[in-house]
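Novice: This is the structure I want to talk about, given as structure tokens.
The values are calculated or read from the model by the stated rules, or taken from the named source; none is laboratory data. Remember, it's a predicted structure, so these values are computed and weren't measured experimentally. Neighbour counts are summed over all protein chains in view; Cβ atoms, including those assigned to glycine, are modelled from backbone coordinates with ideal geometry.
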């Protein structure tokens, strides 16, 4: 483009966001004032102080933005950010943030954050913050055979029943697949931090093992046993609990006027079927 008479800069480049940058043939990527911008037939945005060839829809960018993802093995759905796909035929369904998938033919569930599939194939994440290894799924359906890890935590100051939550948010239940048997191994730690009746440094560690059968109507059958690995002072109790709608939860009960921080590392071993219902 030629210079317009009386002006010392001219358009040089239009960015993907619609901004017009100028040059004086010595320095590129200059910004023009309103008079220069409009002289070349563009629109000046007073709010941003930029010369625009077109108005960019930032809401649309947010909705479909995948620019922060690294995709070398699949595809990501809309509103997915800071997510890495490595391998082949992997899928992040969308609304995912800070996720990682490595392997083959995995699926990251919708609206899951801080979640990872670290290997194997045919895995499917179902829970917030889950770290999963796919077990092949008989090469038919994602998620049938897999193992995973979920961290839950919470605090108590009394002897009321308290559900530990995933990643410290309001998600307090571990979703179970229909027509599945899930074995679990859970390590629970309780640490007293104070309170009028508490002594900081008192603790308890518990190992809970068992299984839960979940039928096609999300009715669970729970079996469990536990061992106290170590204990010192006054803390509380912990058990696995079912929510009645295809959910598995860690339920703790503290002590009145004792401040306790609880953490539970939940290991899941899933075997589900799509060949029959029960």
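The rows are residues; the columns are (1) part of a strand (DSSP E or B); (2) modelled with pLDDT of 95 or more; (3) buried (at least 16 other Cβ atoms within 10 Å of the Cβ); (4) assigned by TED's automatic domain parsing to the domain that holds residue 223.
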position	(1), (2), (3), (4)
155	yes, yes, no, yes
159	no, yes, no, yes
168	no, no, no, yes
188	yes, yes, yes, yes
206	yes, yes, yes, yes
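Novice: Given the conditions (1) part of a strand (DSSP E or B); (2) touching a residue at least 60 places away in the same chain (Cβ under 8 Å); (3) crowded, with 16+ Cβ neighbours inside 10 Å, which single one is not true for residue 198?
Specialist: Looking at each condition in turn, residue 198 falls short on (1).
Novice: In addition: So which residues in segment 5-30 are modelled with pLDDT of 90 or more, assigned to a loop (DSSP other than H, G, I, E, B) and surrounded by 14 or more Cβ atoms within 10 Å (Cβ to Cβ)?
Specialist: If the condition is that a residue be modelled with pLDDT of 90 or more, assigned to a loop (DSSP other than H, G, I, E, B) and surrounded by 14 or more Cβ atoms within 10 Å (Cβ to Cβ), then 7, 9 are the ones that fit.
Novice: Name every residue in segment 82-117 that is surrounded by 19 or more Cβ atoms within 10 Å (Cβ to Cβ) and at positive phi, in order of residue number.
Specialist: Answer for segment 82-117, where residues must be surrounded by 19 or more Cβ atoms within 10 Å (Cβ to Cβ) and at positive phi: 103, 105.
Novice: Let me ask something else about it. Considering only strands (runs of 3 or more DSSP E) fully contained in segment 68-141, which possess at least 2 residues that are under 22 Å from residue 247 (Cα atoms) and at pLDDT 90 or above?
Specialist: 116-119, 131-134
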